[in-house]
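Below: one structure, written as structure tokens.
Only the coordinates and a few stated rules stand behind these numbers; no lab work does. Model, not experiment: these values are computed from the prediction. Heads up, the Cβs are rebuilt from the backbone with ideal geometry, glycines too, and the neighbour counts pull from every protein chain shown.
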Amino acid sequence: MSVKESHKVFVIEQAIEGNITNRQAAEVLGLSKRQIIRLKKGTKTEGTAGLAHKKGGRESK
């Protein structure tokens with residue numbers, strides 16, 4: 001996991017715990033509020049793997 005991805009995990013976990021709002025998380029990560037909600041949902045269902053890019057580690061066609 002890269003430094004950028006680990007920072008994203010930290011911020012999303014803070015948003016899930018309620019330490020920061022979705023809007024604050026969006027500003028920190030440079031994403032929309034809706035993207036934060038989607039990332040939180042993926043993290044709750046799949047864990048930190050839900051934040052990783054699904055295509056990561058595979059060869060292109």
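Multiplying the residue separation of ARG38 and LYS61 by 0.36 nm and removing their Cα-Cα distance gives an extension gain of 5.5 nm.
Taking a straight line from the alpha carbon of LYS33, not one of the aspartates and glutamates sits under 12 Å away once near neighbours fewer than eight places off in the same chain are left out. Two tests apply to each whole DSSP H helix in the chain, Cα reach of 15 Å or more along its axis and mean Kyte-Doolittle hydropathy of at least -0.5, and the ones passing both are 3-17.
Going 7 Å from the Cα of LYS4 toward and past its Cβ, which residues in the stretch 31-48 have a backbone nitrogen under 18 Å from where you end up? Counting only backbone N, you get 31-32, 35-36, 39. What you get for the stretch 3-48, charging only the Cβ of Lys and Arg (+1) and of Asp and Glu (-1), is a dipole of about 240 debye around the Cα centre.
P(r) tail, the chain: Cα-Cα pairs separated by more than 17 Å, 36% of all pairs.
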